[in-house]
Amino acid sequence: NTVLTSLDLGRNKIGAAGSTSIGVALERNTVLTSLNLGDNSIGAAGAASIFVALERNTVLTSLNLGRNKIGAATSICVALERNTDNSTGAAGVASICVALERNTVLTSLNLGGNNIGAAGVASIFVALERNTVLTSLDLGDNRIGAAGAASIFVALERNTVLTSLNLG
């Protein structure tokens, strides 16, 4: 499909196997701007399938991966880094951060309810000091605690683009 711009598959229990199928279909779609895969228990393997496919997508501006148990989804950032048209748990978050530093298209990212923790949130906000396009970020229900909140407020002093932040 070369015309689909928005896809909402939230709460459909697609799991890793279903997201692999979505990934195969998305490899040919270069116009998708909005993707909602929230609350599908896709895990790290499912996230890998989606993001490998989205390496070819140069227009994705909104991504919802909330409540998917993706803790160490390293593939998310690897795919965004490899997307040359975009200039593109803790280990996965580190990779997400590298991609956020380089990505020039993604404006909205939902990572709520993925148990990212304080260290993961701190890493994300270090990356957001360099990101110039992400305006909306949802990190709600990630157990960030006082240390995570402190790192957010320090980073927000330097980030001048983020206009919406959900930590609830």
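Here the spin labels are modelled as points 7 Å beyond Cα on the Cα-Cβ line, and at residue 8 and residue 150 they lie 4.1 nm apart. Between residue 27 and residue 59, the simple spin-label model (points 7 angstrom out along Cα→Cβ) gives 2.1 nm. Within the stretch 7-38, what residues put their amide N at less than 20 Å from the label point 7 Å along the Cα-to-Cβ vector of residue 163? Flagged as within label range: 33-35. Could you tell me which of rounded, prolate or oblate describes the stretch 98-168, using a ≥ b ≥ c as the square roots of the eigenvalues of the alpha-carbon gyration tensor, with rounded for a/c under 1.5 and, failing that, prolate when a/b is larger than b/c and oblate otherwise? The shape class here is prolate.
Laboratory data are not the source of any read-out in this text; all were calculated from the coordinates shown. Small disclaimer: the values here were computed from a predicted structure and weren't measured. Backbone-built Cβ (ideal geometry, glycine too); neighbour counts: all protein chains shown.
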